[in-house]
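The values are calculated or read from the model by the stated rules, or taken from the named source; none is laboratory data. In this text, all values refer to a predicted model and were calculated from it rather than measured experimentally. FYI the Cβ positions are ideal-geometry reconstructions off the backbone, even for glycines, and counts take in every protein chain you see.
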Amino acid sequence: MSNLDRDPAEVDAPPSTRPHRPSARDDVATPAVEILEPREVPLGGPRAMTVRRTLPQRARSLIGAWCFVDHYGPDDVALSGGMRVPGHPHTGLATVTWMFEGEVEHRDTLGTVLTVRPGEVNLMTSGAGIAHSEFSTPDTTRIHGAQLWLALPDGERNGHRRFENYAAPSVPVAGGRVRVFLGSLAGSTSPVRTFSPVVGAEIVIEPDATVSLSTHAAFEHGILIDTGAVILSRDDGIEAAVEPAHLAYVPTGSALLTLRAGRDGARVLLIGGEPFGESIVMWWNFIGRSHDDIVAHRAAWQARVDSLASGERDADDFGDFPEVWSHVLPAPELPTVRLRPRA
């Protein structure tokens with residue numbers, strides 16, 4: 001999915017390398033559980049599908065390598081128009097698509113054409129540059145899911161384009177079920193390759209039930225609530241109530257996370273990973289390490305946008321455009337000042 005903001009704010013995310021160690025001033029220096037509220041972002045046009053974005057924001061830019069979280073639906077496609085995102089670029093990241101309802105046709109410049117279905121993860125690694133489009137399928141009447149990004153480590157961000165699809169099995173656990181689509185959790189491991197230690201899973205909690213999960217103490221974690229509400233508990237007994245569409249951040253140091261649902265049950269996405277340890281600059285759909293990186297990515301993409309108008313589809317930058325792409329999204333104008341850390 002693209003960031004369709006026409007005036008996107010730059011994000012300079014500082015590295016986080018030290019594990020969390022509880023102290024007498026934890027309540028001041030590092031919240032035990034930090035609640036990130038969503039903001040609504042329309043994906044363009046008068047009948048735009050609106051997403052709820054919880055990452056990045058001023059309070060936090062990264063959870064492990066996770067740097068972008070959009071949550072959408074359930075939307076009636078007849079009213080919202082569904083997902084209609086023409087070809088657009090990505091650099092320095094991997095997109096992670098997870099559907100709860102509906103289907104989306106994914107098409108990219110590797111030549112991939114695939115229908116994204118509930119329970120299956122699509123991970124598209126950009127390397128130095130890739131482009132893709134996403135459209136609701138004609139049979140989809142309701143659309144509901146999440147789009148997330150992983151920042152690529154510096155040694156991998158100029159590597160090869162990749163695409164993987166994996167149908168994650170539903171694994172029973174006490175109090176619910178878990179689908180692990182990246183990394184390992186609850187005795188289940190995804191075969192999908194990532195370039196930094198991360199975890200990603202869908203967790204369904206039964207009504208009035210509790211799910212307890214052994215987690216990596218070296219990971220920081222995020223809990224995104226899709227449906228229901230949850231009481232999140234760390235292994236030190238600290239609790240926080242998390243409402244629908246909110247993202248709870250848990251710093252490193254917890255080896256057990258407990259999720260307790262009410263009478264309606266709940267469904268959540270758990271993400272996490274080792275602190276990323278690198279600074280990134282993120283603007284529109286590009287991730288780099290400096291202002292000059294972003295300028296170069298934008299210039300390369302605009303050259304492809306212009307060449308498409310003359311019928312040219314094949315190039316090294318961002319891969320070969322599919323024949324069905326009659327147009328692609330142009331990049332917004334860059335700010336008039338150098339991209340710098342957000343206050």
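Below, the figures for the structure above:
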{"quantity": "Test: E134 is of a type in the set (D, E), surrounded by fewer than 20 Cβ atoms within 10 Å (Cβ to Cβ) and either modelled with pLDDT under 95 or in a strand (DSSP E or B) (or both)", "calculated": "no"}
{"quantity": "Test: residue in region 61-71 that is surrounded by fewer than 24 Cβ atoms within 10 Å (Cβ to Cβ), more than 10 Å from the chain's Cα centre (by Cα) and not polar (S, T, N, Q)", "calculated": "no"}
{"quantity": "Which listed residue is over 29 Å from I203 (Cβ atoms) and under 18 Å from the mean Cα position of the chain (by Cα), from G81, G127", "calculated": "G127"}
{"quantity": "Strands (runs of 3 or more DSSP E) within region 78-122 that include 3 or more residues within 20 Å of L308 (Cβ to Cβ)", "calculated": "84-90, 104-108"}
{"quantity": "Test for I271: is it surrounded by 19 or more Cβ atoms within 10 Å (Cβ to Cβ) and touching a Cys at 6+ places or on another chain (Cβ under 8 Å)", "calculated": "no"}
{"quantity": "Hits in region 321-332 - residues which are part of a loop (DSSP other than H, G, I, E, B) and either surrounded by 15 or more Cβ atoms within 10 Å (Cβ to Cβ) or without any contact (Cβ under 8 Å) to a residue 60 or more places away in the chain (or both)", "calculated": "F321, P322, E323, W325, S326, L329, P330, A331, P332"}
{"quantity": "Failed item in (1) closer than 21 Å to V328 by Cα; (2) surrounded by fewer than 18 Cβ atoms within 10 Å (Cβ to Cβ); (3) of a type in the set (K, R), with R117 passing the rest", "calculated": "(1)"}
{"quantity": "Identity of the residue in region 87-106, within 8 Å of H132 (Cα to Cα) and out of contact with any Gly (no Cβ under 8 Å at 6 or more places or on another chain), that ends up surrounded by the fewest Cβ atoms within 10 Å (Cβ to Cβ)", "calculated": "H106"}
{"quantity": "Residues of region 137-155 satisfying the condition of being over 15 Å from the mean Cα position of the chain (by Cα) and not in a strand (DSSP E or B)", "calculated": "T137, P138, D139, T140, T141, P153, D154, G155"}
{"quantity": "Residue in region 310-317 that is under 25 Å from the mean Cα position of the chain (by Cα) and either assigned to a loop (DSSP other than H, G, I, E, B) or within 21 Å of T54 (Cβ to Cβ) (or both) present", "calculated": "yes"}
{"quantity": "Sole exception among (1) within 20 Å of the chain's Cα centre (by Cα); (2) under 28 Å from D108 (Cα atoms); (3) loosely packed, with under 14 Cβ neighbours inside 10 Å; (4) charged (D, E, K, R) for E243, by number", "calculated": "(2)"}
{"quantity": "Residue count for region 274-309, restricted to those that are surrounded by fewer than 17 Cβ atoms within 10 Å (Cβ to Cβ) and outside any helix (DSSP H, G or I)", "calculated": "4"}
{"quantity": "Filter pass, V69 being part of a strand (DSSP E or B), in contact with an Asp or Glu (Cβ under 6 Å, 6 or more places away or on another chain) and either at pLDDT below 90 or not basic (K, R) (or both)", "calculated": "no"}
{"quantity": "Residue check, V211 buried (at least 17 other Cβ atoms within 10 Å of the Cβ), assigned to a strand (DSSP E or B) and in contact (Cβ under 8 Å) with a residue 60 or more places away in the chain", "calculated": "no"}
{"quantity": "Residue that is surrounded by the most Cβ atoms within 10 Å (Cβ to Cβ), among those in region 41-55 that are modelled with pLDDT under 95 and either among the charged types (D, E, K, R) or not in a strand (DSSP E or B) (or both)", "calculated": "M49"}
